[in-house]
């Protein structure tokens, strides 16, 4: 049990919930991780829980109410047979090779039901470098809410099981309090894991890691093929496709990640590591959500290109296994067509259009009107700084028969919008698909996790008032519903929201 110092004997307690561990990653061996023990926190308490994430592990709401689970998710005790480790990886940060990195404040306690459980913020590891291994309540709440909000929006993401807080002081820009967020993923392997072994010329370990990922996450790559490709180029191609699809989701949603280093890129194409992220307010393709990103490397419009660059780093790391440059380039060249196809499919759904021209001689923008409609509306949204989420939601409502005036009122340049609207309605009328217009409300959310909403929930939680956090979580778990009792959360952000600063230290 933990004492008031925050340290722990980490002895399993017999009354704890029993979890059947699989722990496949641990079988890779000591080259891939270091065994560590979480450092507990004094007097931990619940801040937030996700019953949806718990269900993925076969845990019930009553399971989450148990004190042994609280202590385990705080890092104060181990669940029976858990095997805590921190993994080693390397990576490029802001485009520069950073060398060896690793889980500096995240500890993998085990895998169950096909999901690895990581505790983020429970103390030092061999890879903490100059850090303290801790996470603060502020950043933990942001990651928890973002993970569950993205899942509800249908975006590939890691999940968040809980936030456990403590009054243990932690210094960032100011003195804050500690917290641990428990997060879930089928795997936390990153591009940086492959970069690490390739950069060290540890080719046996590189092959072992690739074979592990293929066996457990991309078994289709090991199937017999008639072409001249090999299993490792097929792995690269699969990762390229998933990453391209993820980028399309981000861009269609208006989501900014903020720190797309190669060590923050999931080998499974999941949104990973919620630090200085932001859901777009006023649409600005040049928007930089990370105040540490002084050069704008990770600006919103650059995210697909950065992902592509990161994939080339992964491809370079896999070259000792692929060996054939043409095969590697062929896999990497899949990014652009997959991204464009997925993005257009998502924008088509957002616009409520479902048909393409069957005339092969038609110009590209006439064959698929979504291309020109999307380009033109994004240009208008950017020029007039129109709120991205509100526009798409109000467009959905108007397409279903409500007044167009509310949409027009979002634009100062009414004439410019009216011109676009006339073209849009021509295509809507030509397709005459009530079903497509109806489904617009199921793809254009009413609620996203805006920075000011997260900040309000954090401020209340810092005073140990978790009611707002719980209500916001409930709404974000059903972002397409109306929730009339929380209408203000779907409105324009207040002026002070523009002053919220989020950086890598978050």
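The values are calculated or read from the model by the stated rules, or taken from the named source; none is laboratory data. Computed from a prediction, not measured in an experiment: that's the story for all the values here. Note that we place each Cβ from the backbone using ideal geometry, even for glycine, and neighbour counts take in every protein chain shown.
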Study note, to complete from the structure: Pairing a residue in the stretch 456-480 that is without any contact (Cβ under 8 Å) to a residue 24 or more places away in the chain and on the phi < 0 side of the Ramachandran plot with any residue that is buried (at least 19 other Cβ atoms within 10 Å of the Cβ) and not in a helix (DSSP H, G or I), where Cβ atoms lie under 9 Å and the two sit 6 or more apart in sequence or on different chains, gives 460/466
Review point. So which residues in the stretch 328-357 are under 27 Å from residue 99 (Cα atoms) and either crowded, with 21+ Cβ neighbours inside 10 Å or touching a residue at least 60 places away in the same chain (Cβ under 8 Å) (or both), if there are any at all?
Key: 328, 331, 332, 335
Check your understanding: Can we say residue 73 is under 21 Å from residue 26 (Cβ atoms) and touching a helix residue (DSSP H, G or I) at 6+ places or on another chain (Cβ under 8 Å)?
Key -> no
Review point. Could you give every pair whose Cβ atoms fall below 6 Å, whose first residue belongs to the stretch 485-496 and is touching a residue at least 60 places away in the same chain (Cβ under 8 Å), and whose second residue is part of a loop (DSSP other than H, G, I, E, B) and surrounded by 10 or more Cβ atoms within 10 Å (Cβ to Cβ), counting only separations of at least 6 or pairs across chains?
Key: 490/446; 490/447; 493/281; 493/450
**Study point:** Exclusive hit being closer than 23 Å to residue 390 by Cα and under 14 Å from the mean Cα position of the chain (by Cα), set 287, 249
**Key:** 249
Study note, to complete from the structure: Checked 73, 79, 108 against criteria (crowded, with 17+ Cβ neighbours inside 10 Å and in a helix (DSSP H, G or I)); the one match is 73
Exercise for review: Can you tell me which residue among 134, 159 is without any contact (Cβ under 8 Å) to a residue 60 or more places away in the chain, in contact with a strand residue (DSSP E or B) (Cβ under 6 Å, 6 or more places away or on another chain) and on the phi < 0 side of the Ramachandran plot?
Suggested key: 134
Review point. Given the conditions (1) at pLDDT 95 or above; (2) under 25 Å from residue 325 (Cβ atoms); (3) surrounded by fewer than 21 Cβ atoms within 10 Å (Cβ to Cβ), which single one is not true for residue 222?
Key: (1)
Exercise for review: Evaluate the following for residue 184: is it part of a helix (DSSP H, G or I) and either buried (at least 18 other Cβ atoms within 10 Å of the Cβ) or at pLDDT below 95 (or both)?
Suggested key: no
Practice item. Sort out which residues of the stretch 458-497 are touching a strand residue (DSSP E or B) at 6+ places or on another chain (Cβ under 9 Å) and in a helix (DSSP H, G or I), and write them in order of number. Key: 461, 462, 469, 470, 473
Check your understanding: Within the stretch 288-320, how many residues turn out to be closer than 24 Å to residue 151 by Cα, surrounded by fewer than 19 Cβ atoms within 10 Å (Cβ to Cβ) and in contact (Cβ under 8 Å) with a residue 24 or more places away in the chain?
Key -> 1
**Study point:** Scan of the stretch 51-96 for residues that are within 30 Å of residue 314 (Cβ to Cβ) and free of Cβ contacts under 8 Å to residues at least 24 places away in the same chain, ordered by number
**Key:** 96
Exercise for review: Please verify whether the stretch 241-250 includes one or more residues that are free of Cβ contacts under 8 Å to residues at least 60 places away in the same chain, under 24 Å from residue 337 (Cβ atoms) and surrounded by fewer than 21 Cβ atoms within 10 Å (Cβ to Cβ).
Suggested key: no
Practice item. Please list, ordered by first then second residue, the pairs with beta carbon atoms under 8 Å, 6 or more apart or interchain, first in the stretch 175-200 and over 16 Å from residue 266 (Cα atoms), second modelled with pLDDT of 95 or more and assigned to a loop (DSSP other than H, G, I, E, B). Key: 178/41; 178/121; 179/121; 180/41; 180/44; 180/75; 180/121; 181/121
**Study point:** Residue under evaluation residue 217, criteria (1) crowded, with 16+ Cβ neighbours inside 10 Å; (2) modelled with pLDDT of 95 or more; (3) more than 30 Å from residue 456 (Cβ to Cβ); (4) over 24 Å from the mean Cα position of the chain (by Cα), criterion not met
**Key:** (4)
Practice item. Return the only residue of 367, 385 being farther than 30 Å from residue 231 by Cα and either at pLDDT 95 or above or touching a helix residue (DSSP H, G or I) at 6+ places or on another chain (Cβ under 6 Å) (or both). Key: 385
